[in-house]
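The values are calculated or read from the model by the stated rules, or taken from the named source; none is laboratory data. Being a predicted model, the structure only gives us computed values, none of them experimental. Please note: Cβ atoms are built from the backbone with ideal geometry, for glycine as well, and neighbour counts cover all protein chains shown.
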Amino acid sequence: MGKQNHNLLTAIDVGSAKTCALVAEITDSGLRYCGHGCVESRGFRKGIIVDLDRAVSSIQKAVQEAEDSCGAPVERALAGVAGSHIRGLNSQGGIVLGSRPREVTREDIRQAVERARAIALPADRQVLHLLPQEFILDDQAGVHEPAGMMAAKLEVKVHVVTAAATATQNVVTALNRAGIHVDDTIFEALACADSVLRTDERELGVCVADIGAGSTDIVVFHEGAVTHTGVVPVGGDHFTNDVAVGLRTPLADAEKIKRLFGSAVVTRIPEANEIEVTSVGDRPSRLMSQRLLGEILEPRARELCELLRDHLRQAGVLELCAAGTVLTGGGARLPHLTEIAESVLRKPSRVACPSPISKLPASLAEPEFATAIGMVLYGYRARLAHGPHGSDGLGAKLKALFARRGA
């Protein structure tokens, strides 16, 4: 237990399939992996807690593994939020600085953002993130950092990520009951973007699709800023359920078969290949054509990509994604899924693994851990922006956002 707690950052990704706690240490040279714990999730469905006690138990087990791995107690953490309740919208607001131009201050920026934030939300929703897109000084648009510049009027365009208040609070409550104080809640697709995107992709325009077990979380960047967030209600569990029904095999075996032999494109599977399929009950296992598995998975893969395309088109951002789509999350590991994505969306597509941090085990450099790694990167940049002692309030959050834009 020799490590100093204030130098540790912990991220807890509570998903429908797995609960992962990742601990990293802040050093003079950046972030360094310290330990992690990963267990099967209980009490979650489609990213939402449906059984609090079982969810708390999963979190406790993951945290215990992380503590044993890093040799330090985990008392505080960043919590990931995802699921079909996430909504994003764009807003604009501003203030008049005076009849004559003067220097823009941080307080002016804060007030302009507060005006943009003043939108009517239903009582059951809360703001999860407030993401600046651009500032407008008088009639000059496209300003990223207005502090110190001269203007008579300051306006700001922001993207607001909202979540169902009860779903978010249930995640916080579960962590609190597991003995963890929640420092902040983060939309998981936004965290993924921190760990998988390249700067040129953010500038050209790109869609990150984080394919989790219960849903696919979406964030779209254009000209370096978030322009859209949303969720498609199809995830890896839907593929597994299709396999279980189509091959008449238990869910656990369907998941294994999908991972070992699955393909999103039937014609990529040799015609002669056969696989052993466990039967339901005590009936003997059977040999079946591997192409039958592909015939089950390909329609679901195409449906997912069509839903993604239609979602982006309806939001008016499909044509902004010049750099295409970046697929991540455990569901992105289905072989040849990018071929379907490129065919349906008519955009380039790639499967992304998270950017490694120092000492990170190779087993974690996989798409399903992009969220947890992205969350510690998010927390690290926020910590740098806040200063060594931290800071609260909108001003500190804005500094963190500015820091990430320049990353």
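Kindly list, by first and then second residue, each pair from a residue in the stretch 338-358 that is on the phi > 0 side of the Ramachandran plot and assigned by TED's automatic domain parsing to the domain that holds L318 to a residue that is crowded, with 18+ Cβ neighbours inside 10 Å and outside any strand (DSSP E or B), limited to pairs with Cβ atoms under 9 Å and residues at least 6 apart or on different chains.
R346/R309
If you take just the helices (runs of 4 or more DSSP H) that sit entirely in the stretch 223-333, which of them hold at least 2 residues that are closer than 18 Å to V344 by Cβ and touching a residue at least 40 places away in the same chain (Cβ under 8 Å)? Give the steps one after another, and end with the answer.
Numbers: elements: 236-247, 251-261, 290-315.
Passing ranges, in order: 236-247, 290-315.
Among the candidates G324, G294, G316, G329, single out the residue that is over 20 Å from the mean Cα position of the chain (by Cα) and either closer than 27 Å to D194 by Cβ or surrounded by fewer than 19 Cβ atoms within 10 Å (Cβ to Cβ) (or both).
One residue alone meets the criteria, G316.
Pick from the stretch 50-76 the residues that are assigned to a loop (DSSP other than H, G, I, E, B) and of a type outside the set (V, I, T): which of them is nearest to K18 (Cα to Cα)?
D51
I need the full set of residues from the stretch 260-285 which are touching a Ser or Thr at 6+ places or on another chain (Cβ under 9 Å) and of a type in the set (D, E, K, R), in order please.
Correct list: E271, E274, E276.
Considering only helices (runs of 4 or more DSSP H) fully contained in the stretch 146-204, which possess at least 3 residues that are of a type outside the set (S, T, N, Q) and surrounded by fewer than 21 Cβ atoms within 10 Å (Cβ to Cβ)?
On the way: elements: 165-177, 188-196, 199-204.
By residue number, 165-177, 199-204.
Here's the yes/no breakdown for (1) touching a Phe, Trp or Tyr at 6+ places or on another chain (Cβ under 6 Å); (2) surrounded by fewer than 21 Cβ atoms within 10 Å (Cβ to Cβ); (3) not aromatic (F, W, Y); (4) not assigned by TED's automatic domain parsing to the domain that holds L131:
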residue: L22; (1), (2), (3), (4): no, no, yes, yes
residue: G30; (1), (2), (3), (4): no, yes, yes, yes
residue: R42; (1), (2), (3), (4): no, yes, yes, yes
residue: R54; (1), (2), (3), (4): no, yes, yes, yes
residue: A62; (1), (2), (3), (4): no, no, yes, yes
residue: S91; (1), (2), (3), (4): no, yes, yes, no
residue: S99; (1), (2), (3), (4): no, yes, yes, no
residue: T105; (1), (2), (3), (4): no, yes, yes, no
